[in-house]
Amino acid sequence: MATVYKRGTTWWVRFQSGGVTIRRSAKTTRKAEAQAYLQRLLDEAAAKARGDTPRHRFGEAVERYFVETSIKPKTRHCYGSSSRALQPSFGPLYLDEIDRRVIADFVGARKRTGVTDATIRRDLAFLSALCGMAMRWGWLETNPVASFSKRGLKESRPRTRFLKPEEFERLWAASSPEMRPPLVLAVETGLRKDELFGLTISDVDLPRREVHLTRTKTDSPRRVPLSDRAMETIRALLNAPGRPRSPYLICNLDGERFGDMKKGFASACRRAKITDLRWHDLRHTFASWFVQQDGDMYRLSRILGHASLQMTARYGHLRTSDLHAEIEKVARKRAQDRLIAVPTEASSGPDKGTA
């Protein structure tokens, strides 16, 4: 017999389908909502028994997506936020009811509440990932997000805040002794924060002057070369008096790794009178200095571990030496052309062969 019942403050549903008793949480504290949920499940079970193609709702797909897909914790958190934003518009719908009109209505509603285009793009990215998985499950024929034009949603400009060398030295001078080594390594290697603070001593290859990263954002191992200043900093860390026994290159007094240095970093920035700076901007600083010193963009992409050269191209506007050289070449050519165009005295005088 189909029924609804309570477990604590949450309503559950129970019914039989094909001789099997099915129990599911209605995920609500309201009995009426639980009864409506039960009726939907009964309708879907009856359709399946008739041989009809079963339909699946948005909420059902979201629940399965987070159970079955392997995504990084940061992505999971971002997608969780997007799923909550999508719920009011898409929650009552079957997947096959989601089309361009429904998506356009959602975008318009979000814009009217003052949500930025970048946030809406992230919401649609999750919806697209969800629909893509639903296609793999056989729950959906096509991905409706793929046919929705996002030209009206401006992409946020990539953040490229970086320090000038004199700013960095000011920040270094204003930092505590334990803050200085990671600051130097960040701007000398371009490592991401988690890559840097997760570095172990075994990751460091001093004879080859490089670190070997096995745990990266893209899951692709890479080797990063070390500058003279980075080498000096690492040797100082390893040979520091009273260094605790720890597998980590940068560690606390008890040998544990640092999660981050937010408070110390914020205090150092405040003392150095440096504003609008995040830890990740130290990675931008490495890349910006590299490009300004005529470093090769392809090699920079390999050092940073970017998935594509397009991500590295954001720093291209900082390289101007080749532009200066081209301007000088064009200016010399223009000056040479002017000299050729000026008539000589002999050619501009009267023709001696005429009377």
Towards the positive end of the charge dipole of the chain, with charges on Cβ (+1 Lys, Arg; -1 Asp, Glu), say which of L339, T160, S227 has the farthest Cα.
T160
Mind checking which aspartates and glutamates have their Cα closer than 19 Å to the Cα of K329? Skip sequence neighbours fewer than 8 apart in that chain.
D294, D337
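Send over a whole-number figure in Å² for the accessible area per residue of the chain, probe 1.4 Å.
Details: 22160 Å² over 355 residues.
That works out to 62 Å² per residue.
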Surface share of carbon and sulfur [accessible, 1.4 angstrom probe, percent] for the chain:
52 percent
Of all the C-alpha pairs in region 26-118, what % are more than 15 Å from each other?
71 percent
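What percent do you get for the relative contact order of region 55-155 when only Cα pairs under 8 Å and 6+ apart count? Let's see the in-between values first.
Details: 83 pairs, mean separation 34.2, N = 101.
Dividing the mean separation by the residue count of region 55-155 yields 34 percent.
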Taking the convex hull of the Cα atoms, report for region 180-249 its projected area averaged over all directions, in nm².
4.5 nm²
Hey, what number do you get for the chain at 222 nm if only DSSP H runs of n ≥ 4 count, each worth -39500 (n - 2.57), divided across all residues, to the nearest 500?
-15500 deg cm²/dmol
Degrees between helix 180-189 axis and first principal axis of the chain (Cα, 0 to 90, nearest 10)
80 degrees
Given F265, A26, T312, which one lies farthest toward the positive end of the charge dipole of the chain, if we put +1 on the Cβ of every Lys and Arg and -1 on the Cβ of every Asp and Glu?
A26
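Largest first, how would M311, M133 line up by accessible area (1.4 Å probe)?
On the way: M311 75, M133 35 Å².
So, going from the largest accessible area down, we get M311, M133.
Quick check: from the Cα gyration tensor, does region 193-317 come out rounded (a/c under 1.5), prolate or oblate? Kindly include the intermediate steps, with their values, before the conclusion.
Details: a/c = 1.81, a/b = 1.26, b/c = 1.43.
Oblate shape, in that a/c is at least 1.5 and b/c is the bigger or equal ratio.
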Long-range lysine pairs (8 or more apart or interchain), region 6-163, Cα under 18 Å
4
For D260, the accessible surface traced by a 1.4 Å probe with all protein chains present amounts, in square angstrom to the nearest 10, to 60 Å²
So how tilted is helix 31-50 from the main axis of the chain? Cα-based, degrees 0 to 90, rounded to 10.
90 degrees
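Based on Cα coordinates alone, diagonalise the gyration tensor for the chain, multiply each eigenvalue by 5, take square roots, and list the semi-axes in whole Å, largest first. Before the final figure, lay out the partial values.
Numbers: eigenvalues 637, 265, 66 Å².
Each semi-axis is √(5λ); the values are 56, 36, 18 Å.
If you stretched the chain out fully between Y5 and H324, how much longer would it get, using 0.36 nm times the residue separation minus the C-alpha to C-alpha distance? The partial results should precede the final answer.
On the way: separation 319, 0.36 × 319 = 114.84 nm, distance 7.63 nm.
Stretched out fully, the Y5 to H324 stretch lengthens by 107.2 nm.
Between H280 and K263, what length comes free when the chain is fully extended (0.36 nm per residue of separation minus the Cα-Cα distance, one decimal in nm)?
Numbers: separation 17, 0.36 × 17 = 6.12 nm, distance 1.48 nm.
Residue separation times 0.36 nm, minus the Cα-Cα distance, leaves 4.6 nm.
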Separation of alpha-carbon centers, region 1-51 and region 283-308, rounded to whole Å
56 Å
Note down the nm distance, to one decimal, between modelled labels 7 Å out along Cα→Cβ at R101 and at R302.
5.4 nm
With a Förster distance of 41 angstrom and the Cβ-Cβ distance between A125 and R334, calculated FRET efficiency to the nearest 0.05 equals 0.25
Taking only Cα atoms, what is the 0 to 90° angle, nearest 10, from helix 117-137's long axis to the longest principal axis of the chain?
60 degrees
Near the amide H of F258, under 5 Å away, which other amide H atoms are found, from residues 5 or more places off or on another chain, if H is placed in the peptide plane?
N252
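The values are calculated or read from the model by the stated rules, or taken from the named source; none is laboratory data. The structure displayed is predicted, hence computed values, not measured ones. Methodologically, a virtual Cβ is constructed for each residue, glycine included, from the backbone with ideal geometry; neighbour enumeration extends over all protein chains shown. Side chains are part of the model used for accessible areas, which takes the heavy atoms of the whole protein and leaves out ligands, DNA and RNA. Shrake-Rupley method; radii C 1.70, N 1.55, O 1.52, S 1.80 Å.
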